[in-house]
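Reviewing the structure listed below.
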C-alpha cells in the first residue's frame with residue numbers, strides 16, 4: 001500500500017516510476033491488514049498530524065477511485081467498561097480535539113444509538129467520525145492500475161530485488177533483480193516489515209522488526225456492527241504506564257458481510273503458526289463488546305506482520321547516508337491509513353517541493369547512533 | 001487410557017483406512033491412542049456406510065473390501081487403550097515447542113457435518129505423537145452450468161450411494177478424470193441408474209509410460225479390470241480424451257455438451273455433441289487435506305497431479321519431528337496404500353516412543369516395499385490424470401468459479417491481467433474468490449490455474465488455513481487462558497488497536 005501510494009503521487013507529479021515486488025500486488029502486510037484509517041487511536045504528535053493529513057487525502061483518493069476499494073467513512077466508536085477507563089478516554093479525546101480531531105463524548109445511555117448490539121453494561125464512549133475503512137488490497141491494486149494508465153508507471157511483479165546498486169561515490173543508481181538491472185537515481189524502500197533487509201542491501205541499518213497480528217473473520221452476518229468499535233482499555237493502560245502486553249480487539253462489519261476482529265500483537269519474528277491464545281483473547285474481547293457475536297462462527301484467521309520501529313514512528317524520507325535512497329516504511333499497524341501522506345511526503349522529497357508537514361520526526365537516520373540490532 | 005491430564009501416547013486424526021490401521025496397530029503395540037474423527041462413526045470417506053439408525057441390511061453391498069473394514073473394526077473393539085473421539089471437528093493443531101506434546105483443538109456437539117446450527121463446545125486433546133490421516137477432498141474444475149441442480153461430484157454420488165441415499169438421477173453421465181470415475185459409474189449402474197457415457201479427459205495410455213509401476217501392482221490392475229468388466233456388463237464404454245464442457249438446463253441439468261480434448265485438454269472446436277441426461281457426476285481426482293500440517297510450516301511436495309502432499313521420511317514422519325502422516329495426506333494413493341502406511345506409521349511411532357526397535361523387522365520391510373510399490377502406482381496414475389492447462393478454455397467469462405462468493409472467471413482473469421494478482425491469495429483479496437463457506441476448497445484449483453496464466457506468475461504455495469473448520473467465537477472465547485509466548489524484552493507495551 002505504501003509503495004502504491006508513493007507510485008501514485010510520484011507518477012502524478014510527472015515522474016517515471018517502476019514498482020518492483022517479489023510477489024503479487026498486496027502480497028505482504030497490505031493483504032493481511034484490516035484497512036484501518038484511524039485518527040482515534042493516536043495521541044497528539046507527529047503520527048496524528050500524518051494521520052489527519054492522510055484522512056483528507058483518502059477522501060480525495062476515494063473520490064477518484066471506483067467504489068470497489070470499499071472506502072467507507074464509517075466512524076470509530078471507542079467504548080469504556082469502567083469509570084477509570086472512561087476518565088482516561090475523555091482526557092485523551094479532549095487533547096485530540098485540541099489537535100484537530102473531531103471527537104464526541106457519548107454517554108452510556110446513548111451508546112445504543114450508535115451501536116444497538118453493544119453490551120449493556122459499558123460506562124460510555126467516544127465517537128470519532130473521521131475514522132474510516134478501506135479494503136487495502138483493492139485500494140493498492142486500483143491505485144497502481146490508475147498509475148499504469150498514465151503511462152508513467154511500470155509494474156514488475158514476481159521479481160525480487162537482490163541488490164541496491166550504487167555509484168563509486170556511494171549514491172544509488174538502481175537495483176538488481178533476478179531479471180536484470182533497473183536504473184534509477186532514486187530508490188524508495190517501501191518493503192514494510194522487510195524494510196531492514198533492503199536497507200542492509202544499501203549498507204545502512206534501519207531497525208525495523210515484525211510484530212505479528214492475527215485477524216479473525218466471521219461468517220457473513222446481517223449488519224451487526226456499524227462502526228469500528230474497540231475498547232478504551234488500552235488508553236487506560238497507556239495512562240497507567242502498565243508494561244503488560246495488550247491485545248485490543250477492533251470489531252467492525254464489512255460491506256461483504258463478515259465481521260473482522262483484529263488484531264493481536266506479538267513479537268515472534270516471521271512465524272505464521274497459529275497462536276490459540278491470541279485468538280482466544282480476540283474472541284473474548286469481541287464477544288465482551290458484542291455478546292451476540294458469541295454464536296457467530298469464525299471462518300478463517302490470518303496472520304500479518306506489522307513493520308515497527310523502536311519509537312513507533314515510520315521512517316519517511318531520504319537517507320543521508322546513501323544519497324538517492326529514500327525510506328517509506330515502519331508504519332506498524334497504521335500503514336494503510338498513513339499511506340497517502342507518506343506518498344505525498346516522498347514525492348515532495350523527490351521533486352524538491354515544499355513538504356506538506358514537518359517531516360523531521362520521521363527522519364530515517366534517527367536511529368543511526370543506536371547499537372545495531374542483533 | 002492415560003490418567004486425566006496426561007497426554008495420550010498418540011493421537012490419530014481421521015478414522016478412515018489409514019487412521020484405523022494406525023490406531024489398531026498402535027494399540028496392539030501397547031500405546032494409548034486417541035482416535036478422532038469428525039463423523040459419528042469410523043470408516044472415513046472410503047468405508048462410508050449408513051448410520052446404524054438407517055438399519056441398512058447390507059452395508060457391504062457397495063464395498064468390495066468390506067471384510068477389511070469389518071476386520072479393522074473388530075480389532076478396534078478388541079483393543080484396549082483406544083479412546084474413540086468421534087464427532088470431533090478439529091480446527092487447529094498446535095505445539096508449544098518442538099518436543100512438547102501436540103494439542104488438537106476440537107469442536108464437539110455439532111452433530112453431523114451438515115448440521116452446524118448448534119454451537120459446539122471446545123475441547124483439547126493432547127498427545128506425545130501425532131498421526132495425520134485426514135484424507136482428501138475432491139478436486140473441482142468448473143465448467144458452464146456446473147452449478148445446476150443435478151450436477152454432483154463423482155465422490156458425492158459415491159457417498160450418497162454408500163450412505164444408503166438416493167441416486168442423483170435416472171440417466172447419469174459420469175465425467176472428469178481418474179479412477180474414481182470408473183468406481184462411481186460402476187456403483188451408479190449397479191444401483192440401477194442408466195449411465196449413458198463415462199467421459200474421461202485423459203487417455204489411459206498414460207499408464208503405459210510407467211510399466212514398472214503397473215507390473216508391481218497386479219492388484220490395482222485387477223481392480224481396474226473388475227470395474228471395466230462391470231461397466232461392460234452395463235454396456236458402458238468409457239470415452240477418453242473428452243470432457244463435459246457445458247451442462248444445459250433451466251431448473252436442473254437436461255443435457256451436457258461433450259467435447260473432444262487436445263493434448264493439453266484444450267477443447268477441440270467443432271467436436272461438440274450433446275448428450276441428454278438428468279444428472280451429471282463429475283470428478284477430477286482428489287486433493288490431500290494437509291492444512292493442519294502446512295499451517296505449522298510442514299514441508300510439502302508437489303505431486304504429479306499438481307496437488308500438494310506432505311513430504312515424508314521413509315517411516316512416514318513429516319518434516320516436523322513427532323508428526324507422522326498416512327494415507328491421502330501423503331499423496332492420493334487409495335485405500336490399500338492408506339492401510340499400509342497407517343500400519344507403518346504406527347510401528348514407527350511405537351519405536352520412537354518406547355525406544356524399542358520397530359519389531360518385527362521383516363514386517364516393517366514388507367510394509368515399506370508394499371508402500372513403495374503402491375506409491376509408484378499412485379504417482380503414475382497422478383501423472384496420467386493431471387489436468388492439462390488448456391482446461392480453462394472451457395470456462396466462459398460468466399462461468400462462476402467461486403460459488404460461495406459468486407465470482408466469475410472474467411473477474412478472476414481481470415484481477416490477474418489488470419490488477420496484479422498472481423496467486424490464489426491475491427486473487428482472493430481482489431475478488432473474494434475463496435472467501436466463502438468452503439474457504440477455497442472447491443474453487444482453489446480453478447483459481448490457481450487462472451492465476452498461473454500470468455506470464456510472471458509464481459507457483460501457488462500450498463494452502464495455509466489457520467482454522468481447519470469454522471469455530472464459533474463463543475467457543476474460542478471460552479478456551480482456557482494460556483500464557484502468551486514470551487515476548488522479547490524490548491517488546492513495546494502499549495496497545496494501539498491497529
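Report yes if residue A:353 is surrounded by 15 or more Cβ atoms within 10 Å (Cβ to Cβ) and either at pLDDT 95 or above or in contact with a helix residue (DSSP H, G or I) (Cβ under 9 Å, 6 or more places away or on another chain) (or both), otherwise no. Taking the combined requirement at face value, the residue does not satisfy it.
Got a sec? Which of B:260, B:289 is closer than 30 Å to residue B:469 by Cβ and crowded, with 17+ Cβ neighbours inside 10 Å? Going through B:260, B:289 in turn, the sole match is B:289. Residues in the range B:465-484 that are part of a loop (DSSP other than H, G, I, E, B) and facing another protein chain (nearest Cβ under 7 Å): B:465, B:466, B:467, B:470, B:479, B:481, B:482, B:484.
Which residue out of A:274, A:279, A:293, A:299 is in a loop (DSSP other than H, G, I, E, B) and within 7 Å of chain B (Cβ to nearest Cβ)?
Selected residue: A:274, the only one of A:274, A:279, A:293, A:299 that is in a loop (DSSP other than H, G, I, E, B) and within 7 Å of chain B (Cβ to nearest Cβ).
Taken across the range B:448-455, residues that are more than 9 Å from chain A (Cβ to nearest Cβ), closer than 26 Å to residue B:122 by Cα and surrounded by fewer than 22 Cβ atoms within 10 Å (Cβ to Cβ) do not occur at all.
Quick one: which residue in B:469, B:475 is within 19 Å of residue A:303 (Cα to Cα), touching a residue at least 40 places away in the same chain (Cβ under 8 Å) and in contact with a strand residue (DSSP E or B) (Cβ under 6 Å, 6 or more places away or on another chain)? Lay out the reasoning, then the answer.
Working: B:475 fails: within 19 Å of residue A:303 (Cα to Cα).
The conditions single out B:469.
Tell me, please, whether a residue that is under 20 Å from the mean Cα position of the chain (by Cα), in contact (Cβ under 8 Å) with a residue 40 or more places away in the chain and surrounded by fewer than 19 Cβ atoms within 10 Å (Cβ to Cβ) can be found in the range A:79-93. Walk me through how you get there before you give the answer.
From the range A:79-93, those under 20 Å from the mean Cα position of the chain (by Cα) are none; that's our starting set.
The answer is no, given that none of the residues of the range A:79-93 is under 20 Å from the mean Cα position of the chain (by Cα), in contact (Cβ under 8 Å) with a residue 40 or more places away in the chain and surrounded by fewer than 19 Cβ atoms within 10 Å (Cβ to Cβ).
So which of B:433, B:421, B:415, B:410 ends up being farther than 12 Å from residue B:141 by Cα and surrounded by fewer than 23 Cβ atoms within 10 Å (Cβ to Cβ)?
Values: B:433 fails: surrounded by fewer than 23 Cβ atoms within 10 Å (Cβ to Cβ); B:421 fails: surrounded by fewer than 23 Cβ atoms within 10 Å (Cβ to Cβ); B:415 fails: surrounded by fewer than 23 Cβ atoms within 10 Å (Cβ to Cβ).
Matching residue, one of B:433, B:421, B:415, B:410: B:410.
Inspection of the range A:138-145 finds no residue satisfying the criterion of being surrounded by fewer than 22 Cβ atoms within 10 Å (Cβ to Cβ), touching a strand residue (DSSP E or B) at 6+ places or on another chain (Cβ under 7 Å) and not assigned by TED's automatic domain parsing to the domain that holds residue A:231.
Given the residues A:291, A:340, which is the only one that is within 21 Å of residue A:76 (Cα to Cα) and either surrounded by fewer than 23 Cβ atoms within 10 Å (Cβ to Cβ) or without any contact (Cβ under 8 Å) to a residue 12 or more places away in the chain (or both)? Selected residue: A:291, the only one of A:291, A:340 that is within 21 Å of residue A:76 (Cα to Cα) and either surrounded by fewer than 23 Cβ atoms within 10 Å (Cβ to Cβ) or without any contact (Cβ under 8 Å) to a residue 12 or more places away in the chain (or both).
Could you tell me whether the range A:313-330 includes any residue that is in contact with a strand residue (DSSP E or B) (Cβ under 7 Å, 6 or more places away or on another chain), within 9 Å of chain B (Cβ to nearest Cβ) and not in a loop (DSSP other than H, G, I, E, B)? Scanning the range A:313-330 turns up no residue that is in contact with a strand residue (DSSP E or B) (Cβ under 7 Å, 6 or more places away or on another chain), within 9 Å of chain B (Cβ to nearest Cβ) and not in a loop (DSSP other than H, G, I, E, B). Does at least one position in the range A:112-128 carry a residue that is in a strand (DSSP E or B), under 21 Å from residue A:256 (Cβ atoms) and either in the same structural domain as residue A:325 (by TED's automatic domain parsing) or in contact (Cβ under 8 Å) with a residue 40 or more places away in the chain (or both)? No: zero hits. Which one of these does residue B:349 not meet: (1) in contact with a strand residue (DSSP E or B) (Cβ under 8 Å, 6 or more places away or on another chain); (2) under 19 Å from residue B:135 (Cα atoms); (3) crowded, with 21+ Cβ neighbours inside 10 Å; (4) at pLDDT 95 or above? With (1) in contact with a strand residue (DSSP E or B) (Cβ under 8 Å, 6 or more places away or on another chain); (2) under 19 Å from residue B:135 (Cα atoms); (3) crowded, with 21+ Cβ neighbours inside 10 Å; (4) at pLDDT 95 or above applied to residue B:349, the lone miss is (2).
Has the range A:71-81 got any residue that is assigned to a strand (DSSP E or B), out of contact with any helix residue (DSSP H, G or I) (no Cβ under 7 Å at 6 or more places or on another chain), farther than 19 Å from residue A:131 by Cβ and within 12 Å of chain B (Cβ to nearest Cβ)?
No, the conditions are met nowhere in the range A:71-81.
Regarding the range A:232-249, can at least one residue be identified that is more than 29 Å from residue A:194 (Cβ to Cβ), at pLDDT 90 or above and buried (at least 22 other Cβ atoms within 10 Å of the Cβ)? The answer is no; no qualifying residue exists. Just a yes or no: is a residue in the range B:129-150 within 14 Å of chain A (Cβ to nearest Cβ) and either at negative phi or modelled with pLDDT under 95 (or both)? So far as the range B:129-150 goes, no, none of its residues is within 14 Å of chain A (Cβ to nearest Cβ) and either at negative phi or modelled with pLDDT under 95 (or both). Note on the range A:65-87: residues that are within 24 Å of residue A:314 (Cβ to Cβ) and either at pLDDT below 90 or out of contact with any strand residue (DSSP E or B) (no Cβ under 9 Å at 6 or more places or on another chain) (or both) amount to 2.
The values are calculated or read from the model by the stated rules, or taken from the named source; none is laboratory data. Not measured: the values here are computed from a predicted model. When we count neighbours, we look across all protein chains shown, and the Cβ atoms used for this are built from the backbone with ideal geometry, even at glycine.
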